[in-house]
1. Report the Stokes-Einstein translational diffusion coefficient (µm² s⁻¹, integer) for the stretch 20-88, Rh taken as the Kirkwood radius over Cα pairs, at 10 °C with viscosity 1.306 mPa s.
2. Using helices alone, I'd like the mean residue ellipticity at 222 nm for the chain: each DSSP H run of four-plus residues gives -39500 (n - 2.57), total over residue count, nearest 500.
3. Of Leu23, Ala99, Phe62, whose Cα points farthest to the positive end of the dipole of the stretch 12-120 (charges on the beta-carbon: +1 Lys, Arg; -1 Asp, Glu; origin at the Cα centre)?
4. Let me test this: with uniform point scatterers at the alpha carbons of the chain, what is the Debye-based log₁₀ I(q)/I(0) at q = 0.17 1/Å?
5. Rounded to the nearest 5, what % of the DSSP beta bridges within the stretch 11-120 are antiparallel ones?
6. Scale the Cα Rg of the stretch 53-120 by the rule-of-thumb value 2.2 N^0.38 Å and send over the ratio, two decimals.
7. Just the accessible area per residue of the chain, please: how many Å² with a 1.4 Å probe?
Amino acid sequence: MSPAPPRWRVLTHALGDLTLVRLSGSQLDLGEADALWLRDRLLELVEAGRHQLALDLGNVRFLTSTLIEALLGLHRRLKACGGRISVFNLTPPVAEVFAVLKLADVLDVRTSPPQNILEN
């Protein structure tokens, strides 16, 4: 059963093979239900054939381990089919979590969008 939709939305923009994913709103605290809902939306993109994702976390000030687990699972799934997920524009609290967990060793963590976003 899919979690209830949050008060914010997922905005996507396809740029060739790359799909830019942004979250509407500001100062978002992504709790358990939010993380599961976002995971399901990202999986829908992958199932629709979108295998190059760039996730903008610039509006997120808090996330749970559930979202991190979802990103790692999504990374494994995309890698298996030749795709990838990049996360960028991390707020200081989210960047700290990523640093403590050394997620940049596994995920494509960037300060700015992947270059091909800027070229389009």
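The values are calculated or read from the model by the stated rules, or taken from the named source; none is laboratory data. Please read all numbers here as calculations on a predicted model, not as lab measurements. In this analysis, Cβ positions are derived from the backbone assuming ideal geometry, glycine residues included, and neighbour counts consider all displayed protein chains. Note: accessible area is taken over every heavy atom of the protein model, side chains too, but ligands, DNA and RNA are not part of it. Shrake-Rupley method; radii C 1.70, N 1.55, O 1.52, S 1.80 Å.
1. Values: Rh = 12.1 Å.
Roughly 131 µm²/s, to the nearest whole number.
2. Working: 4 runs with 46 residues, N = 120.
Taken over the chain, the calculation gives -12000 deg cm²/dmol.
3. Result: Ala99, furthest along the dipole toward the positive end.
4. Scattering profile of the chain, log10 relative to I(0): -0.82.
5. On the way: 5 of 21 bridges.
Looking only at bridges with both residues in the stretch 11-120, the antiparallel portion is about 25 percent.
6. Details: Rg = 11.8 Å, N = 68, 2.2 N^0.38 = 10.9 Å.
Rg over 2.2 N^0.38 Å, computed on Cα atoms: 1.08.
7. 55 Å²
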